[in-house]
1. Take D:LEU199 and decide whether it is under 16 Å from the mean Cα position of the chain (by Cα) and under 23 Å from D:THR63 (Cβ atoms).
2. Within the stretch D:37-53, can you find the residues that are in contact (Cβ under 8 Å) with a residue 24 or more places away in the chain and either within 16 Å of ligand 6 (Cβ to nearest atom) or open to solvent by 10 Å² or more (accessible area, probe 1.4 Å) (or both)?
3. Let me spell it out: the conditions are (1) in contact with a strand residue (DSSP E or B) (Cβ under 9 Å, 6 or more places away or on another chain); (2) within 14 Å of another protein chain (Cβ to nearest Cβ); (3) of a type in the set (Gly, Ala, Ser); (4) surrounded by 18 or more Cβ atoms within 10 Å (Cβ to Cβ), and B:ALA38 meets all of them except one. Which number is the exception?
4. Could you please tell me which pairs satisfy a Cβ distance under 7 Å, a separation of 6+ or placement on different chains, a first residue in the stretch B:6-27 that is closer than 21 Å to B:ASP127 by Cβ, and a second residue that is open to solvent by 40 Å² or more (accessible area, probe 1.4 Å) and of a type in the set (D, E, K, R)?
5. Which of the residues that make up the stretch C:258-274 are assigned to a strand (DSSP E or B) and of a type in the set (A, V, I, L, M, F, W, C)?
6. Just to verify a result, which residue in the stretch A:191-225, among those that are farther than 22 Å from D:PHE26 by Cα and surrounded by 17 or more Cβ atoms within 10 Å (Cβ to Cβ), is nearest to ligand 1 (Cβ to nearest atom)?
7. Do we find a residue being at negative phi, free of Cβ contacts under 8 Å to residues at least 12 places away in the same chain, within 16 Å of ligand 3 (Cβ to nearest atom) and crowded, with 19+ Cβ neighbours inside 10 Å anywhere in the stretch B:42-62?
Amino acid sequence: MANVLVNNKLAPDIYQLTVEGEYHASMGQFYMLRCWGAFPVLSRPISVHDINEGTISFLYRVSGTGTRLLSQLKPGNQLQLEGPLGRGFPEPEGRTAIIGGGMGIAPLLLAARRLPDSRVFLGFAGDPFAVSAFHAIHADVHVVSGGTIADYVEPSEYDTILACGPVPLMELLAHRTKGTGAKLFFSVEKRMACGIGACSGCTVRIDGVNRRVCVEGPVFSAGEVDFHDLLSL
Amino acid sequence: MANVLVNNKLAPDIYQLTVEGEYHASMGQFYMLRCWGAFPVLSRPISVHDINEGTISFLYRVSGTGTRLLSQLKPGNQLQLEGPLGRGFPEPEGRTAIIGGGMGIAPLLLAARRLPDSRVFLGFAGDPFAVSAFHAIHADVHVVSGGTIADYVEPSEYDTILACGPVPLMELLAHRTKGTGAKLFFSVEKRMACGIGACSGCTVRIDGVNRRVCVEGPVFSAGEVDFHDLLSL
Amino acid sequence: MISLACELAGVQLSNPILMASGTFGFGKPYAALYPLDKLGGIVTKGLTLQARPGNTGTRVFETDSGLINSIGLENPGIPTFLEREWEEMMQYGTAIIVNLGGGSIREYAEGAMLITEASRESKKNGRRAVDMIELNISCPNVKEGGLQYGVDTDRAREVVRAVRMATDLPLLVKLSPSARDLTEMARMCEAEGADGLSLINTIQAMAIDIRKKRSVFDGLYAGLSGPAIKPIALRMVHQVSHAVDIPVIGIGGIASAEDILEFIMAGAAAVQIGTYNFMRLRAGAALEDELRELMAQEGIRSLDEIRGII
Amino acid sequence: MISLACELAGVQLSNPILMASGTFGFGKPYAALYPLDKLGGIVTKGLTLQARPGNTGTRVFETDSGLINSIGLENPGIPTFLEREWEEMMQYGTAIIVNLGGGSIREYAEGAMLITEASRESKKNGRRAVDMIELNISCPNVKEGGLQYGVDTDRAREVVRAVRMATDLPLLVKLSPSARDLTEMARMCEAEGADGLSLINTIQAMAIDIRKKRSVFDGLYAGLSGPAIKPIALRMVHQVSHAVDIPVIGIGGIASAEDILEFIMAGAAAVQIGTYNFMRLRAGAALEDELRELMAQEGIRSLDEIRGII
Ligand SMILES: Cc1cc2nc3c(=O)[nH]c(=O)nc-3n(C[C@H](O)[C@H](O)[C@H](O)COP(=O)(O)OP(=O)(O)OC[C@H]3O[C@@H](n4cnc5c(N)ncnc54)[C@H](O)[C@@H]3O)c2cc1C
Ligand SMILES: Cc1cc2nc3c(=O)[nH]c(=O)nc-3n(C[C@H](O)[C@H](O)[C@H](O)COP(=O)(O)OP(=O)(O)OC[C@H]3O[C@@H](n4cnc5c(N)ncnc54)[C@H](O)[C@@H]3O)c2cc1C
Ligand SMILES: Cc1cc2nc3c(=O)[nH]c(=O)nc-3n(C[C@H](O)[C@H](O)[C@H](O)COP(=O)(O)O)c2cc1C
Ligand SMILES: Cc1cc2nc3c(=O)[nH]c(=O)nc-3n(C[C@H](O)[C@H](O)[C@H](O)COP(=O)(O)O)c2cc1C
Ligand code: FES
Ligand code: FES
């Protein structure tokens, strides 16, 4: 149980939730959040957006029952969090690009904070949101609205690319990165029940082998992800 | 949908909820309340506690999921109410006593307001609650804590007794009233699904015939109520 | 404008949204809330030849996303229904489906005959007929009749045959999720001349009062309905509608236009709304429009386009 | 101090709260959260002789108070389990029950033999044995094995008989709610020498993605669990525990100490916690104490006092 400090609406349906406590997580890890009793049944996986002294925060979009309940939290309310879970982004080598599309920017603020030498690309279909925090902590942030952010990055210029966003963007990046020598890692989503590797509910086929997104992911090396499994969310 | 004006905690677990609007209900009628989506499934039957110009209020005890959700309502929140439902207390004849036990006082404030010549008896197992509203509108209010309120009323002194409270109190009153010539009416509770007479879920056997508490009640003439049906709540 | 009008067992309905037996009384409680001609039809509370008092004790009990009921077929009896309730139902301007229960094959058949005769008489006088009979062999809340007939195909066959002989009204058979072999049961009904199938009735369930150390219900078990059972009902409707050629009416936990589309895609010709009426008393006033909106949004022009698509 | 220690099929358990197959992995994910010796026992994820990859596509899907899963028995195979997982499980200080699946009678029997031999060997070396086998003839998520055997009593008999011959370990049979005749199935298991019964497995269910116009699951149907099914499971546990003399383990939607008492009063010897583990990852750390508190509050000194009281 943690104490809610702030739960601000940043844009239509986009909220930033900050709770109190000393949390240690690596960039790209997530927590299972819950602020209700028996309904809905499952807790909700949400990536770590940022960590500061004495606080952790999450950036989320209201997209159904669970996130709507999260959005109703008020300062002083209690939130249950289990985590940090999963394996986040690896420490990158060489020149690094961080690429986020839409809600996919959520796990990337922590990455930007921890990788000051990287270049950050944030793309939005409509109005950008939550970008001021990136500008505040990082010098090299590029925000694009409309089109695809993939068009603004030349993969061959980087050794490592860390990305998160909609599946089509990930597919495009995987395609463009192929053969460039850049290593692409992205964070993926799949429906989860337990979040801790107990149920095998969240598997994605990688190189023909099942990997549980909640423990072996959510970050995978782009190589051999079976996008069919992801798309079938 | 109605706008919540106040939702005050009057005592441990006891709340008074006031919403905006012009409502017309007779004493003893109830509404089906709801301030949630699909969970829990059923709306909750709550008696009209008071009506004033432009407001209606309810007095309730937090005793489970539904009433807990009601207790979380804040001014400005929306509440669904269907009603007024059921048949309330009849216009009493002659000398009238109003007797409430515990939460059973809820429907009696409106009765006290509308029957200034009555005598009001309110009994509580522990600390009394919500009695100041009775004192404020009625001259003849007797509050007792501990023991049973039935001991403080001599049925033969009245022509009509309107009562609400726990089943054992109702049984005791029925027993003591028998043969006195006083007419006893009480408001009863049974689990309800629809609240409007559609499901036959809330029947009580009266004179050997099934009566639906939600439409033929919740107020019944004490005569021939089958307490087994009530106790089996 | 998307048309939802449809034909079911030879009867023209303004839309495929019917109100389920036992959750809508004879319509009257809701007629006070909204005009009932918004509905595709109303299925009456289960009726038997003789009046029945129903069960004692607790009759409705809430569970997580579910409702358990043990009404026990309380009803005024068919003759009283025909005299006192039917007339008013005719005014609602929507299809009338009589849900028929019984304690013996004979009671079922006599009940069917009574309804059929009254309906014929009414029609002769230029008034509305009963549109269909829904034969209920699946009530889990009565000792005699109901589930006793709904589990075993051969026992069910006798009832279906007897009622089929007793009426020339369109005949739906309402199946129980407790049927030993649901598709066999469905095929039997089709072979015996049923014009359609309704499913599912409530699922036999139990709740225990741990304080009193007894079942919540005097009748021990009772029937579970509501959103909790929707995924089970949907599977059964899919199974059955792919096993027979007569129309299937999908029932079980439907609580939104999305749910209706799921049942139609699973193969349902129409649907019935039960417990949702309690969750939202005016559901029947809104669902047709909500369904139309959802279809428009999804680019579905008619339900025929998607029926049984899965 | 209320004692919850109990004996189940000849095995001494510290309490009757077991963790259900498929919701607890092999214990490890939870061992990081709390000491597992709080548990009465752990039932492993369903194991088959051969490793299985499980199903493609969406595997878990939430419904109102329910969870539908289509894992499809993904597991490393019994040999790999015995080599890589079992050792660690022994350290947890709680009973180990191996959930056994199979695609053919032969695979079931060979799997049982492998486990039995390994267990005997381990015991000989002064280490922990496998405490019980839970024979799973009720998985709705695989084409071969599972439900194929769990519906019809005669088909189930062959599997139970073969596995009974293959092992001298205490044998539980896990029944499906889809069994055509659940009490007949239960009596058959008893007659074939099962030491106990576990029920229920998930209920076959369906969910449709109306946008994609297809089933949510690649395997079309999948299995419903969670609070939604509790009232149905409770009824079935009551029915079965009154039909046989061997112990019955109650499973289905249990999500509180109150729920556990309901199942015990319905006749269960012990219970299993499944989906609730996901709702509250530390459920297993708390339930025993919560049960004890509730019993104290209700003046119940031992579960034997109330078992099957209804
Ligand atoms: C590792 C991981 C990290 C994530 N991080 C973020 C984040 O930082 N910010 C954010 O806004 N969202 C994030 N998501 C997506 C987020 O989990 C879903 O938006 C959320 O679960 C939706 O819940 P709901 O009740 O609002 O929606 P509903 O549609 O009502 O949810 C129904 C069910 O589907 C599941 N579900 C729905 N959408 C998703 C999804 N996209 N991914 C996984 N499960 C889903 C829910 O968990 C729930 O079980 C993340 C997902 C994963 C797997
Ligand atoms: C006509 C009528 C008028 C009422 N007026 C009042 C009032 O003015 N103030 C007040 O505090 N309470 C009143 N009650 C009781 C109130 O309805 C219940 O306390 C409330 O429904 C409990 O809901 P819950 O979700 O908090 O409890 P839960 O125990 O979680 O409810 C579970 C289910 O049981 C039903 N239930 C539980 N207790 C009762 C009960 N006593 N009567 C009927 N159904 C019950 C609920 O409606 C729900 O369906 C009245 C009941 C009736 C029938
Ligand atoms: C209170 C109640 C009474 C019912 N009575 C009947 C009945 O008399 N005859 C019948 O065939 N079904 C009866 N049913 C079953 C419903 O018609 C419907 O099949 C079932 O509730 C599942 O649908 P739902 O989940 O939408 O409620 C009743 C259901 C409820 C909840
Ligand atoms: C994700 C998941 C996986 C499951 N896997 C198995 C399994 O491998 N073998 C088995 O016998 N039961 C399996 N089950 C069924 C559970 O053991 C249990 O019988 C069922 O979920 C009902 O209990 P619950 O409502 O408490 O979850 C699984 C259930 C879930 C939710
Ligand atoms: S969510 Fe259970 S294994 Fe990943
Ligand atoms: S609650 Fe439905 S008839 Fe009274």
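The values are calculated or read from the model by the stated rules, or taken from the named source; none is laboratory data. These numbers were taken from a predicted model, which means no experiment stands behind them. Ideal geometry is used to build each Cβ from the backbone, glycine not excepted, and the neighbour counts take in all protein chains shown. Side chains are part of the model used for accessible areas, which takes the heavy atoms of the whole protein and leaves out ligands, DNA and RNA. Shrake-Rupley method; radii C 1.70, N 1.55, O 1.52, S 1.80 Å.
1. Criteria met by D:LEU199.
2. Correct list: D:ASP37, D:LYS38, D:LYS45, D:LEU49, D:GLN50, D:ALA51, D:ARG52.
3. (1)
4. Hits for this filter: B:ASN7/B:LYS74; B:ALA11/B:ASP127; B:ASP13/B:ARG61; B:ILE14/B:ARG61; B:TYR15/B:LYS9.
5. C:ALA270, C:VAL271, C:ILE273
6. The residue in question is A:VAL219.
7. Among the residues of the stretch B:42-62, not one is at negative phi, free of Cβ contacts under 8 Å to residues at least 12 places away in the same chain, within 16 Å of ligand 3 (Cβ to nearest atom) and crowded, with 19+ Cβ neighbours inside 10 Å, which makes the answer no.
Here's the yes/no breakdown for (1) within 10 Å of another protein chain (Cβ to nearest Cβ); (2) buried (at least 24 other Cβ atoms within 10 Å of the Cβ); (3) farther than 17 Å from D:VAL271 by Cβ:
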{"position": "D:CYS6", "(1), (2), (3)": "no, no, no"}
{"position": "D:GLY10", "(1), (2), (3)": "no, no, yes"}
{"position": "D:LEU18", "(1), (2), (3)": "no, yes, no"}
{"position": "D:SER21", "(1), (2), (3)": "no, yes, no"}
{"position": "D:PHE24", "(1), (2), (3)": "yes, yes, no"}
{"position": "D:ALA32", "(1), (2), (3)": "yes, no, yes"}
{"position": "D:PRO35", "(1), (2), (3)": "no, no, yes"}
{"position": "D:LEU67", "(1), (2), (3)": "yes, yes, yes"}
{"position": "D:GLU74", "(1), (2), (3)": "yes, no, yes"}
